[in-house]
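These notes concern the structure reproduced below.
The values are calculated or read from the model by the stated rules, or taken from the named source; none is laboratory data. Everything numeric in this text was worked out from a predicted model, so none of it was measured. Don't worry about glycine lacking a Cβ; one is built from the backbone with ideal geometry, like all the others, and counts go over all protein chains shown. Just the protein is used for accessible areas: all its heavy atoms, side chains included, with ligands, DNA and RNA removed. Shrake-Rupley method; radii C 1.70, N 1.55, O 1.52, S 1.80 Å.
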2 protein chains.
Amino acid sequence: MGDLEYMIDPEPIEALKLINHRKTTHVLLIYGEMVASYEGRAKSQLEELMPRLIISKPDGTFMVHESSKREPRLWNPPPSSLYASIEQGILTIRSVRANPREVVIVEVPIIRFISALRLGTTVNYRVFGREEDVVNAIVNNPNIIEEGLQVVAKEYHTLVGDIDILARDSRGNLVVIECKRSQAGPEAVHQLKRYVEHLSQRENGTVRGILAAPSISSAAYHYLKLYSLEYRRVEPKWVV
Amino acid sequence: MGDLEYMIDPEPIEALKLINHRKTTHVLLIYGEMVASYEGRAKSQLEELMPRLIISKPDGTFMVHESSKREPRLWNPPPSSLYASIEQGILTIRSVRANPREVVIVEVPIIRFISALRLGTTVNYRVFGREEDVVNAIVNNPNIIEEGLQVVAKEYHTLVGDIDILARDSRGNLVVIECKRSQAGPEAVHQLKRYVEHLSQRENGTVRGILAAPSISSAAYHYLKLYSLEYRRVEPKWVV
DNA sequence: GCCTAGGTCCCGTCG
DNA sequence: CGACGGGGCCTAGGC
């Protein structure tokens, strides 16, 4: 199968040929000593020549990785375009993103290894335990929040943002429920407060606000109480 | 130099030896057909056997990449621990993160390629054009916001969050300045409104709020006007 | 160690 | 196409 090509210590011209031949169909790995620069939404430089790893994907993903961290040191997200050339005998790679315009330029005076791989893509990929799963769990069984709760709307749009769940309690009070898949912080409380204040303007009775999350930070809980909002512990349980 | 080791179509036992020998010092690349699963803060599975690329770094970074997107399909951020073994003749790799506990398990029945590389790490890395750069530009020359503005504090901590810049205008009014490095959205306006409301409670005079950003979305501008806040265009210029 | 806020965030979704 | 908000966000800095 032509799904793995590689060269050890290639001449720049040989590396260039492989890149141009495979860049739109294969994932390219380039290992060598290099310097690089980025300019676009921000700007930075890797001036020191040292061993780094370039990863290029056929969708235009471009990354320069170093020895630590999950994040690449420099990158362009897809869709970007790759242009390789040899300048003064040095393999030079340009990744250009159109909108916003961003350019990463890498010079690789020492190429230790280059490879072209064919990778697959998982279809119908699904992550369990997102915020949406918490929302659905509550909509399907509002009692996990409170007895007698009746869901009025899901993803209710307002001028100040979208409310995850709008409901009425057993006394007929409007209830705003803000859901989080992980620990709620101060921002979640401020969001909830904003929705409650907004709805209070055009509702005669009390409007309650409930933050539904697996946990809440202490500062967030402090604000919550200050604003007379409520917290309900809700685990983002996923089906086994 | 012992900075590049590789094997093509290795036996699982040979791959295992390389992994265990180099996992704490080198970046490992493993290309082959694999299935994988993740469980931790959320949960997901890659059930279909297909070619993927594993990248493991000595700090514990672990990634499973597919043919598109900048983000790995599965991963563990550093610090995580790597455990490799052979189970029923199949190379099996476990990446375990302690806190929060998260586990990625990859089975590689077909190993096409494995490599160990030594990469460097840039020291004193700096990105220009961050929010902090905008803040400093204003602190150094408040006139770019408004004539006669006097900066009172930078990173002023309040109960409802940190204010980028606190100042007084030429009439002695308190001014809250919220800075953004790129286009401001509704959240930035809500943030600013929160700070202004908070300070208004303990200030006799008017408290003004200014959003400083290179641009602002139309929806955000709408809120801004609604709340009687102000917008100043400020570019995150970096030195050439 | 937890918490908080920023990011060249990336990314999907919806207008 | 831009805009908006979620994310297994990741990462640095404070406490």
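Annotations for the structure displayed:
- Solvent-accessible area, 1.4 Å probe, carbon plus sulfur percent, for the stretch A:12-86: 53
- Filtered chymotrypsin sites (Phe, Trp or Tyr not before Pro), the stretch A:115-184: DSSP coil and at most 13 other beta carbons within 10 Å: A:Tyr125
- Scalar couplings 3J(HN,Hα) for the stretch A:146-158, obtained by applying the Karplus form with A = 6.51, B = -1.76, C = 1.60 to θ = phi - 60°, are 5, 4, x, 6, 10, 6, 9, 7, 10, 6, 7, 7, 10 Hz; x denotes Gly and Pro.
- Label point 7 Å beyond Cα of B:Ile86 along Cβ direction - residues of the stretch B:1-28 with amide nitrogen under 14 Å: B:10-20
- Summing charges over all other residues whose Cβ lies under 14 Å from the Cβ of B:Val35, with Lys and Arg as +1 and Asp and Glu as -1, gives -3.
- Å² of accessible area per residue within the stretch B:115-240, as computed with a 1.4 Å probe and no ligands counted: 51
- Sorting the Cα pairs of the protein assembly as shown by distance into bins of 10 Å, from 0 upward, gives 4, 16, 21, 22, 20, 13, 4, 0 percent per bin.
- DSSP bridge analysis restricted to the protein assembly as shown gives an antiparallel fraction near 85%, rounded to the nearest 5.
- Environment charge at A:Leu149 (Cβ cut-off 9 Å; Lys +1, Arg +1, Asp -1, Glu -1): -2
- Simple point charges give the picture: +1 on the Cβ of Lys and Arg, -1 on the Cβ of Asp and Glu, and for the stretch A:113-213 a dipole about the Cα centre of about 220 debye.
- Nearest-first distances (nm) between copies at B:Arg130, label 7 Å from Cα via Cβ: 3.0
- For the chain pair A and B, the buried solvent-accessible surface (1.4 Å probe, both sides summed) amounts to about 5800 Å².
- When +1 charges are put on Lys and Arg Cβ atoms and -1 charges on Asp and Glu Cβ atoms, the dipole computed for the stretch B:4-117 relative to its Cα centre reaches about 480 debye.
- Residues of the stretch A:194-236 that bury at least 20 Å² of accessible area when the other protein chains are present, relative to the chain alone (probe 1.4 Å, heavy atoms, ligands and nucleic acids excluded): A:Arg194, A:Tyr223.
- DSSP-loop trypsin sites (Lys or Arg not before Pro) across the stretch A:94-168, with at most 11 other Cβ within 10 angstrom: A:Arg101, A:Arg126
- Leading residue at positive end of dipole, chain B (Cβ point charges), from B:Ala212, B:Val175, B:Val27: B:Val175
- What separates the B:Thr24 label point from its copies, with the point 7 Å along Cα to Cβ, is 4.7 nm, written shortest first.
- Taking the square roots of five times each eigenvalue of the Cα gyration tensor of the stretch B:132-227, the equivalent ellipsoid has semi-axes of 19, 17, 13 Å, listed largest first.
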